[in-house]
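**Q** Okay, handing you the structure first.
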Amino acid sequence: MDIRRVQMTGGSSFVVTLPKEWATKLKIRKNDPLRVITQADGTLLITPNIGEDPVQRTREFDVTSCTSAPFLFRSLIGTYIAGYTEITVRSKTRLPPFVRMVVRDFTQMTIGQEVMEETDTMIRIKDLLSPSELSFESTLKRMFVVVRAMHRDACAALASGDPELAREVIDEDRDVDRLHWLIARHANMLLRHSVLSRKMGVTLVTASTYTVVSRILERIGDHAVRIARNALLLGDHPLDRGTLDRVTGASEEALGILERAVASLFTRDIRLAERSIEEVHQAQVLYEELHGIALTQPAKTAIPLGTIVESVRRLAEYSGDIAECVINHLVDQEA
């Protein structure tokens, strides 16, 4: 850490000298313009980048000896989340067919990524989405709407025995993943380019909270998929009406907790968040009763039913986690 004293010049202006090593590394010369940005926590950000747009970052993958499609896909997703704006996939020989398939899946599974150039040995992918075009709040709200619909459709598939509806829920999980990756990407870009904070209208602290909530919503979506998969398993062993009503009722109650927890984030209502947490504790008795009912069922019914009940429980508990994040965030903002 380098400590520098504030000096005064001209009788009214405060001056602090810049570290020579930093200026030399960035090739800053006399009369060069520097951007000075006041951060929300009172610190100053000094950057030679005087434009509004973040620095373009490129990453290249040599897939000459790559044989694993899952590894390449995960690498591309990791690069996307890290905030790279251009990705090149290159091979010393002709690109294997699986590479083109992975790139196609990658561009379909992510938002804003498009193939801009393609040859026999190279594919160049460019990010066409500006971070300010989709805000954290609007993306998170969209995630919530999709996840809530997934849980309701999964329970509807359980009640009706509709396999097509259950499969639709499973397919919708891709949309949740896409939105979660986008939020994680924007958060990483914000950490690397603080100038984006003002442009996106969000502080680093708030972006961090939104990222945590996004991750929780993504897990809630996973549990909707579990319910749908187990609804398919119960297709030949339908639940009796009484048990079915209790399960769907418990799911609606848990969704109500989720709705209030998410609402407390956007309305900044700390009391509503606390109410959501209390409701999670109160609902535990119901989930224990449902687990007891599952244990009385034949094995082919008991295992899928028990898994469904556990996913409903996790829906409520994850909603409580969101409410805790809201309380922690609001308390910090009010301090």
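**Q** Just to be sure I understand the filter: pairs with C-beta atoms under 6 Å, separated by 6 or more residues or on different chains, first member in segment 76-98 and more than 21 Å from residue 119 (Cβ to Cβ), second member crowded, with 18+ Cβ neighbours inside 10 Å and of a type in the set (Val, Ile, Thr). Which pairs pass?
**A** Pairs that qualify, where the first residue is more than 21 Å from residue 119 (Cβ to Cβ) and the partner is crowded, with 18+ Cβ neighbours inside 10 Å and of a type in the set (Val, Ile, Thr), are 80/110.
**Q** Checking the conditions here, which among 137, 168, 117 is in contact (Cβ under 8 Å) with a residue 12 or more places away in the chain, of a type outside the set (A, V, I, L, M) and under 30 Å from residue 200 (Cα atoms)?
**A** Numbers: 168 fails: under 30 Å from residue 200 (Cα atoms); 117 fails: in contact (Cβ under 8 Å) with a residue 12 or more places away in the chain.
It is 137.
**Q** Here are the criteria: (1) in a helix (DSSP H, G or I); (2) touching a residue at least 24 places away in the same chain (Cβ under 8 Å); (3) not polar (S, T, N, Q). Tell me which single one residue 245 does not satisfy.
**A** In the conditions (1) in a helix (DSSP H, G or I); (2) touching a residue at least 24 places away in the same chain (Cβ under 8 Å); (3) not polar (S, T, N, Q), residue 245 misses (2) alone.
Condition check ((1) in the same structural domain as residue 212 (by TED's automatic domain parsing); (2) among the acidic types (Asp, Glu); (3) touching a strand residue (DSSP E or B) at 6+ places or on another chain (Cβ under 6 Å); (4) under 18 Å from residue 249 (Cα atoms)) across all residues:
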| position | (1), (2), (3), (4) |
| --- | --- |
| 281 | yes, no, no, yes |
| 295 | yes, no, no, no |
| 298 | yes, no, no, no |
| 311 | yes, no, no, yes |
| 316 | yes, no, no, yes |
| 319 | yes, no, no, yes |
| 324 | yes, yes, no, no |
| 329 | yes, no, no, no |
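**Q** For the condition more than 20 Å from residue 256 (Cα to Cα) and not β-branched (Val, Ile, Thr), what is the one hit in 158, 140, 165? Spell out how you get there, then give the answer.
**A** Working: 158 fails: more than 20 Å from residue 256 (Cα to Cα); 140 fails: more than 20 Å from residue 256 (Cα to Cα).
On inspection, the qualifying residue turns out to be 165.
**Q** Taking segment 51-101 only, how many residues are in contact with a Gly (Cβ under 8 Å, 6 or more places away or on another chain) and modelled with pLDDT of 95 or more?
**A** Number of matching residues: 0.
**Q** Using the structure shown, decide if residue 182 is at negative phi and surrounded by 18 or more Cβ atoms within 10 Å (Cβ to Cβ).
**A** On the way: at negative phi: yes; surrounded by 18 or more Cβ atoms within 10 Å (Cβ to Cβ): yes.
Criteria met by residue 182.
The values are calculated or read from the model by the stated rules, or taken from the named source; none is laboratory data. Just so it is clear, the model here is predicted, and its values are computed rather than measured. Glycine gets a Cβ as well: all are built from the backbone with ideal geometry, and neighbour counts include every protein chain shown.
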